[in-house]
């Protein structure tokens with residue numbers, strides 16, 4: 001999508017028109033669009049920002065400055081590697097907007113500085129992205145072999161969707177698979193989830209089209225909306241007795257499931 005200035009400090013993703021189904025899929029929500037069901041189209045979201053909106057001198061970033069802090073709104077280049085600066089024009093870079101790297105189709109590596117205090121997984125929705133690195137002095141976030149976690153390593157924030165590996169073992173100690181944390185990991189055929197995980201959040205593994213089997217271990221209590229939606233190759237699912245909540249949309253568009261094992265008491 002293309003970010004275009006509409007008026008002073010107001011921007012919109014203007015090329016996001018197209019036909020959608022009656023239900024807005026997780027991929028559309030991830031792209032930052034809203035549905036107009038009467039016209040059966042989706043329309044761009046208008047983004048309004050308080051403070052100054054400007055491009056960096058090198059043309060790499062669109063930024064929003066509020067007082068003495070800067071938010072990165074959009075990465076404007078499409079190079080293999082992006083190193084986020086800790087300061088721009090003498091102001092600390094402290095956060096990312098939610099669609100920073102959308103349309104960065106060649107981007108393979110992102111490096112996050114120590115100054116970043118807030119970001120979301122949807123900021124890294126780039127199909128070629130293979131590695132997210134974090135400065136060691138960052139107090140909020142860390143990277144384990146190119147995968148983004150909170151500093152305490154309890155929350156998996158983003159598994160880059162362009163990684164070539166066909167399997168991934170989530171480290172023991174992780175308690176939450178965050179929203180969109182592994183969405184559209186097209187090469188992922190299997191994922192090993194540790195028993196320390198308690199919650200699998202919104203669209204965490206949605207769109208992993210090669211995933212064929214899911215073993216959710218004992219200890220998982222919550223599976224949120226669209227958690228595994230559009231995993232079209234999924235055939236076998238094992239759910240734990242510890243499960244306390246399973247959203248009705250968790251397995252939307254998983255039409256090839258032939259085996260479901262569950263021994264608990266929660267009504268599925």
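Values quoted throughout were computed directly from the atomic coordinates according to the rules given, and no laboratory measurement underlies them. Bear in mind that the values here come from a model prediction, so they are computed numbers and not experimental data. Here the Cβ is made from the backbone with ideal geometry for all residues, glycine too, and neighbour counts use every protein chain on show.
State whether the range 222-268 is rounded, prolate or oblate according to the following rule on the C-alpha gyration tensor (a ≥ b ≥ c being the square roots of its eigenvalues): a/c under 1.5 gives rounded; otherwise a/b larger than b/c gives prolate, and the remaining case gives oblate. Since a/c reaches 1.5 but b/c is at least a/b, the shape of the range 222-268 is classed as oblate.
Counted by neighbouring Cβ atoms within 10 Å, the residues 184, 248 run from fewest to most as 248, 184. Here the range 153-237 yields Rg over Rh of 0.92, to two decimals, using C-alpha coordinates and the Kirkwood radius. Under the shape rule built on the C-alpha gyration tensor, where the axes satisfy a ≥ b ≥ c, the range 86-171 is oblate, since a/c reaches at least 1.5 while a/b does not exceed b/c.
Available extension along the chain between residue 152 and residue 258 is 34.4 nm, counting 0.36 nm per residue and deducting the alpha carbon span. Across the range 150-209, the mean sequence separation of Cα contacts (distance under 8 Å, 6 or more residues apart), normalised by length, yields a relative contact order of 37 percent.
Report the gain in length on full extension from residue 117 to residue 55: 0.36 nm times residue separation, minus Cα-Cα distance, nm rounded to one decimal. Don't skip to the end; give the middle numbers.
Values: separation 62, 0.36 × 62 = 22.32 nm, distance 2.11 nm.
So the chain would gain 20.2 nm between residue 117 and residue 55.
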